[in-house]
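Since every read-out is calculated from the coordinates, none of them should be taken as a lab result. This structure is a prediction, so every number in the text was calculated from the model and none was measured. Here Cβ is always computed from backbone atoms with ideal geometry, including for glycine, and neighbour counts include all displayed protein chains.
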Amino acid sequence: MKLNDLKVVFMGTPEFSLEVLKMLIENTNVIGVVTQPDKIVGKNKEKSYTPIKKLALENNIQVIQPEKIRKEYDEIINLHPDIIITCAYGQIIPEVILNAPKYGCINVHASLLPKLRGGSPLHHAIIDGYDKTGVTIMYMDKGMDTGDIISQEEIVINDDDTVGTIHDKLSVLGSALLLKTLPNIINGTNDRIKQNENEATYCHNITHEEEQIDFNDNVRNIFNKVRGMNPFPVSYFTLDNKVFKVYKVKYEKNNKYQNKINGEIVIFDKNNLGIKASNGIIYLLDIKKEGKKRMLIKDFLNGDKENLIGKIVNR
């Protein structure tokens, strides 16, 4: 079978999935797209389509949006796809779907499995201090990201990377790797490698409580957390009953302020705002105070005349 004859049903939801779907539209026969239901947003209660639905409609592709795919799958199976490809879809796929296509169900996962199984591998690759991450093309089974590995490709995580930059890099990488892998799946020459359960790690979806910066932590962990939540969902702290969203920081390890409380503002001048952590100082570089626009710290300090020295955050 030629690649452009391959009948594909694609399942995905967020922007991360877009590059994969674009590639499939250009190179295969996408006969259906499955995505999450529309959301009702705003004061006018308007329907909001997923990014994947918008792209499918632009290309006149049938869109299926089950509330619960474990119960609403007949329409998908009745399309008789040769293969089903998923990328950040957002629901557990039932076995009746997994077993339906000739070439199986393939997932594009944003980590080097078995590391970072679960729903937030982009964030946790940075938050958990990984020095590299990547994309895995895998066969799906009934477990969460436990299926056999077909192919992988990795990238280095640099200190200037954020979840935003990793998102963009892996979205492109995943699309390219899938395109390279699909012919091998079709002709049966692909690898099928069992995952090593002893090396597995998991990453749950991030809660709002976890977005708050804990200044009892060490400076490197705080630095990673801020990067791993920029630009979404964005870490924060509170001060004087106001929320401060934090987009970028730098850190300094030192013992200068061991007599101060973790979370205390210990440096405050026209250029710097530093907050004590367990083993050093976190310097804010890019923030957004509740009710204000996002700004660089120099602009914030130039506009906010209140002396914050000695104040303690998250109280």
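Among L24, L55, L113, which one moves the most in a GNM of the chain with springs linking Cα atoms closer than 10 Å?
Looking only at L24, L55, L113, the largest GNM fluctuation is found for L55.
Specify the residue with the greatest mean-square fluctuation among D128, D74, D161, computed from a Gaussian network of the chain linking alpha-carbon atoms under 10 Å apart.
D74
When the distances between all Cα atoms of the chain are binned every 20 Å from zero, what whole-number percent does each bin get?
Calculated P(r), rounded to whole percents: 30, 47, 22, 2.
Only bridges with both residues in segment 3-203 count here: give the DSSP antiparallel percent, nearest 5. Let's see the in-between values first.
Numbers: 15 of 32 bridges.
Antiparallel: roughly 45 percent of the beta bridges in segment 3-203.
Taking neighbour counts of Cβ atoms within 10 Å as a proxy for exposure, in what order, fewest first, do V9, V234 appear?
Ranked by crowding around the Cβ, least crowded first: V234, V9.
With charges only on Cβ, +1 for K and R and -1 for D and E, what is the dipole size of the chain about its Cα centre, in debye, rounded to 20? Please report the intermediate quantities before stating the final value.
Numbers: 42 positive and 41 negative charges, 214 e Å.
For this selection, approximately 1020 debye.
What does the highest-first list of 266-276, 304-314 look like by mean Cβ count within 10 Å? Walk me through the numbers before you get to the answer.
Numbers: 266-276: 17.6, 304-314: 12.6.
Highest to lowest by the protection proxy: 266-276, 304-314.
Where does each of M140, M1, M11 land when they are ranked from fewest to most other beta-carbon atoms within 10 angstrom?
On the way: M140 23, M1 12, M11 28.
Arranged by neighbour count, lowest to highest, M140, M1, M11 become M1, M140, M11.
What is the spin-label model distance, in nm, from I193 to K2 if the labels are put 7 Å beyond Cα along the C-beta direction?
For I193 paired with K2, the spin-label model returns 3.3 nm.
Among S278, S48, which comes first, second and so on when ranked by fewest other beta-carbon atoms within 10 Å? Mind dumping the intermediate values first?
Values: S278 14, S48 11.
Arranged by neighbour count, lowest to highest, S278, S48 become S48, S278.
Charges on Cβ only, +1 for Lys and Arg, -1 for Asp and Glu, centred on the Cα centroid of segment 3-203; of S111, P121, S48, which one is farthest towards the dipole's positive end?
Checked the options; the winner is S48.
Over segment 3-203, what is the relative contact order in percent, taking alpha-carbon pairs closer than 8 angstrom and at least six residues apart? Don't jump to the answer; show the numbers that get you there.
Numbers: 404 pairs, mean separation 40.9, N = 201.
Contact order relative to length: 20 percent.
Taking a ≥ b ≥ c as the square roots of the Cα gyration tensor eigenvalues, with a/c under 1.5 meaning rounded and otherwise prolate when a/b beats b/c, else oblate, which class fits segment 1-122? Walk me through the numbers before you get to the answer.
Working: a/c = 1.41, a/b = 1.21, b/c = 1.16.
Because its axes are fairly even, with a/c under 1.5, segment 1-122 counts as rounded.
Using the crude model of +1 on Lys and Arg Cβ and -1 on Asp and Glu Cβ, and no other charge, please compute the dipole size for segment 208-303 relative to its Cα centre, in debye to 20. Each step should come with its number before you reach the end.
Working: 18 positive and 12 negative charges, 83 e Å.
Dipole size: approximately 400 debye.
Could you pull out every residue, at least 5 positions away or on a different chain, whose amide H is within less than 5 Å of the one on L273? Hs are placed 1.01 Å off N in the peptide plane, and Pro or chain starts have none.
L284
Would you mind working out the magnitude of the charge dipole of segment 10-108 relative to its Cα centre, with +1 at each Lys and Arg C-beta and -1 at each Asp and Glu C-beta, to the nearest 20 Debye?
Values: 11 positive and 12 negative charges, 72 e Å.
Computed charge dipole of segment 10-108: roughly 340 debye.
Using +1 at the Cβ of each Lys and Arg and -1 at the Cβ of each Asp and Glu in the chain, identify which of Q258, C87, V30 lies farthest towards the dipole's positive end.
About the Cα centre, the residue reaching furthest to the positive side is Q258.
On a C-alpha basis, how far is the centre of segment 240-302 from the centre of segment 7-77 in Å? Whole number, if you could?
Centre-to-centre distance over Cα atoms comes out at 42 Å.
What do you get for the angle between helix 18-27 and the principal long axis of the chain? Use alpha-carbon atoms, 0 to 90 degrees, nearest ten.
Helix 18-27 sits roughly 30 degrees off the main axis of the chain.
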